[in-house]
Amino acid sequence: MYRLIIADDEIFIRKGLCEGVDWASLGYEVVNSFSDGFPAIEYIKHNPVDVVLTDIRMSKGSGLDIAKYVHENAPEIKVVLLSGFQEFELAQKSIDYGVERYLLKPINVPEIKAVFSKLKAKLDAQREAQKQSTVDQENHQELLSFAKSSWLQDLYYGVSTDYKSIVEQAGVLYKGVEFNQLCCVVIHLQIDHY
């Protein structure tokens, strides 16, 4: 389930959006609703949110304020704006903030279902890509750890003796470390009567 918040200063629209749509069947859970943009932004700051459905114009904080905050601070959150025809210029500005979609009022349930079904497919694809990226990173770290261990063993046992080759390999394995500025001492101890 994706976490959805709804912001609209018109109570009947807000209530209708929260209760008049079977969000669970679309893969969403309405975790909170707001009558203004600024409390919605505060909520986003302190709680996990996947999608925001917000009116573009509210009494204080607008949907654009929310979109701007999300764009600058939490770009993984998707924003869908609700707008009237007379607010077209504001809706155009929303493009700068990466708003996912904008819906014209009056809205209907089939339109909401279509938009949020497409959005869920996009979120699913992003989530799957993120999982794959995490797996790839873990595999990369494992291989890197093995390569570092092998490289150190080769140094210890004298397999690698060419200074230039050693520095090149170190540069690949230890990004950002300047090996020309480091020194290394190998001490061989032999303990009698051990």
Those residues of the range 19-55 which are out of contact with any Lys or Arg (no Cβ under 9 Å at 6 or more places or on another chain), open to solvent by less than 20 Å² (accessible area, probe 1.4 Å) and not small (Gly, Ala, Ser), in sequence order: TRP23, ILE41, ILE44, LEU53, THR54
Scan of the range 135-161 for residues that are closer than 15 Å to TYR174 by Cβ and either within 26 Å of the chain's Cα centre (by Cα) or open to solvent by 100 Å² or more (accessible area, probe 1.4 Å) (or both), ordered by number: HIS140, GLN141, LEU143, LEU144, PHE146
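Would you call LEU119 modelled with pLDDT under 80, surrounded by 15 or more Cβ atoms within 10 Å (Cβ to Cβ), in a helix (DSSP H, G or I) and out of contact with any Gly (no Cβ under 6 Å at 6 or more places or on another chain)? Step through it out loud before you land on a result.
Working: modelled with pLDDT under 80: no; surrounded by 15 or more Cβ atoms within 10 Å (Cβ to Cβ): yes; in a helix (DSSP H, G or I): yes; out of contact with any Gly (no Cβ under 6 Å at 6 or more places or on another chain): yes.
For LEU119, the condition - modelled with pLDDT under 80, surrounded by 15 or more Cβ atoms within 10 Å (Cβ to Cβ), in a helix (DSSP H, G or I) and out of contact with any Gly (no Cβ under 6 Å at 6 or more places or on another chain) - is not met.
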Among (1) modelled with pLDDT under 75; (2) out of contact with any strand residue (DSSP E or B) (no Cβ under 9 Å at 6 or more places or on another chain), the one test that LEU90 misses: (2)
Verdict on SER25 being small (Gly, Ala, Ser) and at pLDDT 90 or above: yes
Which numbered condition VAL109 fails, given (1) in contact with a strand residue (DSSP E or B) (Cβ under 9 Å, 6 or more places away or on another chain); (2) closer than 20 Å to ALA121 by Cα; (3) open to solvent by less than 90 Å² (accessible area, probe 1.4 Å); (4) hydrophobic (A, V, I, L, M, F, W, C): (1)
Contacts under 9 angstrom Cβ, first residue in the range 151-162 being within 13 Å of HIS188 (Cβ to Cβ), partner open to solvent by 100 Å² or more (accessible area, probe 1.4 Å), 6 or more apart: TYR156/VAL186
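Taking the options GLU128, GLU178, name whichever one is over 30 Å from ASP8 (Cβ atoms), within 37 Å of the chain's Cα centre (by Cα) and at pLDDT 85 or above. Step through it out loud before you land on a result.
Values: GLU178 fails: at pLDDT 85 or above.
None of the others qualify; the one that does is GLU128.
The values are calculated or read from the model by the stated rules, or taken from the named source; none is laboratory data. Given the structure is predicted, the values throughout are model-derived calculations rather than measurements. FYI the Cβ positions are ideal-geometry reconstructions off the backbone, even for glycines, and counts take in every protein chain you see. When the accessible area is computed, the model is the full protein with side chains, heavy atoms only, and any ligands, DNA or RNA have been set aside. Shrake-Rupley method; radii C 1.70, N 1.55, O 1.52, S 1.80 Å.
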